[in-house]
Every structure is written in structure tokens, then in C-alpha cells.
Protein chains: 2
Amino acid sequence: MKVTVTVRPREGILDPQGEALRRSLTGLGYDVTDVRAGKVFDLELEAADEADARRIADEISERVLSNPLIEDYQVGA
Amino acid sequence: MKVTVTVRPREGILDPQGEALRRSLTGLGYDVTDVRAGKVFDLELEAADEADARRIADEISERVLSNPLIEDYQVGA
């Protein structure tokens, strides 16, 4: 089953990569006031059904794909 | 205007980060057969309207956020 997990820096947490990109884009002449940089993971996993896939993806996201102290994650289809 | 850009490794292109994650997850006992790792960027930009925002986001994605040789990007709301 395919599951996509998106991981983003939490609100209020500094995001140096996004900030560096914002500065570069401004330097190139783009009127960009904010950039936040996150990650996306497309997983193919074995699961009994969609609820099971969701449960596994939540567990993987918390344990491996994100750092819950500074990042939020979303599990999507 | 808020625009989200998602950048993923192209089909058929090796993804060492995704492969390392797959191996780690398998080692932890998860039945994960494939992982592809990409990036997500949430941009706040000045634009006349939605079409203009889309045009700017396309340009930024091609020039800065992705490497078109090995990555695909998607612009979403």
C-alpha cells in the first residue's frame, strides 16, 4: 500500500534551510516573504488494510521520519 | 499568497536517502518495500493573482528548488 508522509518544521521553530532559500530567492529578485522547508516520503508498505497502513505510517513517522520535538508530520494517501 | 512545492526524485533515478531509510525500517521490523525521499517547500510570495503565483512558483521550482535532471516538482495550493 502506498502512503505519503510529509514532515514540516513546527510553527515557531527556526528553519535555517528555508531561511537560506528565502534569502537566495530575494537576491534573485523574487518577492518571497517566507519559505519553510520540509520533507516528503513516499512509502510502499505491507498492511492488512488502510487503517493498518495508517497506524504503521504514524509509528514510522514518529520513530524514524520526524523529530517530534521540532517537526510535525502528516500522513496522507 | 501561499504556494506549496513538492520535489521528488524522478522515476528510475536512484534515491540513496530513501534506500537508506528503507533498510533502516526493514531492520526495525517494518515491512516496507520502497521509500522515496523528497522535499516540500511552503512559500509565501507576493503575486497579482493565483495564475501569477503559479507562474512564479514554476520558475522558482525549476531554477532553485529542484534539479530538473533528476527531480520532478509539483506546485500545489
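The numbers here are math on the coordinates, done by the rules we state, and not lab data. Quick caveat: nothing in here was measured; it's all calculated off a predicted structure. Ideal geometry is used to build each Cβ from the backbone, glycine not excepted, and the neighbour counts take in all protein chains shown.
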What are the distances, in nm and sorted shortest first, from the label point of A:Glu50 to the label points of the same position in each other copy, with each label point placed 7 Å from Cα along the Cα-to-Cβ direction?
-> 2.5
Does anyone have the angle between helix B:50-60 and the longest principal axis of chain B? Alpha-carbon axes, 0 to 90°, nearest 10?
-> 50 degrees
Ranked by GNM mean-square fluctuation in chain A (Cα springs under 10 Å), the top entry among A:Asp31, A:Asp42, A:Asp52 is A:Asp31
Per-residue [θ]222 nm for the protein assembly as shown (sum of -39500 (n - 2.57) over DSSP H runs n ≥ 4, rounded to 500) = -9000 deg cm²/dmol
Between copies, how far apart are the A:Gly29 label points? List them in nm, one decimal, shortest first, with each point 7 Å from Cα toward Cβ, please?
-> 5.8
For chain B, calculate the relative contact order in percent as a whole number, restricting contacts to Cα pairs under 8 Å that are 6 or more residues apart.
-> 51 percent
What nm distances, shortest first, do you get from the label point of B:Gln17 to those in the other copies when the point sits 7 angstrom along Cα to Cβ?
-> 0.5
What angle, in degrees between 0 and 90 and rounded to the nearest 10, separates the Cα long axis of helix A:16-27 from the longest principal axis of the Cα atoms of chain A?
-> 40 degrees
Just which residue of chain A brings its Cβ nearest the axis of rotation onto chain B, and by how many angstrom, rounded whole?
-> A:Val40, 2
